[in-house]
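Accompanying notes for the structure given below.
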Amino acid sequence: MKALRYGVFAMVVAVAAIAQAQTAKAGDQPSARERLIGAWRLVHIDAPGPDGKPSPIPQPKGMLIYTRDGHVSVQLMYPKPAGAVSNEYVLNGYEASFGSYDVDEATHTVTHHVQGSVTGDLLVGKDLPRVYEFTADRRLIIRSARPDEHWSVTWEHY
């Protein structure tokens, strides 16, 4: 009987040690996917010109949302007179798209799988890989992974 008690005690101690080790490991640093989840407020967009020098652009207001179940939504509104801006991402000064996302922590990329966009067929169905970086001041910087796009967007959690 005494041996059985020691055996049960040893098992309880072992299970507690394993649980504590898993908790400590999980508590070290949340995954990048976990850190992305939530609502982000646009802080600043940088869009250098072809010469690499910063080009002043009117700063829009915006929100980026990553949900726990793998959905993403982004909306930006440019001030007037830049409100007339239109390109692959922006229509009449407004940028909006939604879809799902995947995170590759090894390459520091998040890929947006566009299911809907204000620009319609220009983005719908496309995968948009983005390089992400978390800064020391808890901000998120997103850059295009395309070599021909040199913009970066800085976000902070609401």
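Rule-based calculations on the coordinates, nothing more; no lab input. Treat the numbers as computed from the prediction; the structure is a model and nothing was measured. Neighbour counts run over all protein chains shown; Cβ positions are idealised from the backbone, glycine included.
For ILE57 and THR109, FRET efficiency with R0 = 30 Å and r from the beta-carbon atoms, rounded to 0.05?
On the way: r = 24 Å, r/R0 = 0.81.
That gives a FRET efficiency of 0.80.
Can you list residues from other chains, or at least 5 along the same chain, whose modelled amide H is less than 5 Å from the amide H of THR119?
ALA96
For the stretch 69-158, which GluC sites (Glu not before Pro) are both in a DSSP coil and crowded by at most 14 other Cβ atoms within 10 Å?
Those satisfying the criteria are GLU88, GLU105, GLU149.
Determine ³J(HN,Hα), in whole Hz, for all residues of the stretch 88-99 in sequence, where each value follows from phi through the Karplus function 6.51 cos²θ - 1.76 cosθ + 1.60 and θ = phi - 60°; x replaces Gly and Pro.
My calculation for the stretch 88-99 gives 4, 9, 10, 10, 6, x, 10, 10, 8, 8, 8, x Hz in order.
Could you put TYR158, TYR78 in order, starting from the residue whose Cβ has the fewest other Cβ atoms within 10 Å?
Starting with the residue having the fewest Cβ neighbours, the order is TYR158, TYR78.
Taking the number of other C-beta atoms within 10 Å as the exposure measure, put LYS61, LYS53 in order starting with the fewest.
On the way: LYS61 11, LYS53 7.
Lowest to highest Cβ neighbour count: LYS53, LYS61.
What ranking of HIS112, HIS157 emerges when the number of other C-beta atoms within 10 Å of each C-beta is taken as an exposure proxy, fewest first?
By the 10 Å Cβ count, ascending: HIS157, HIS112.
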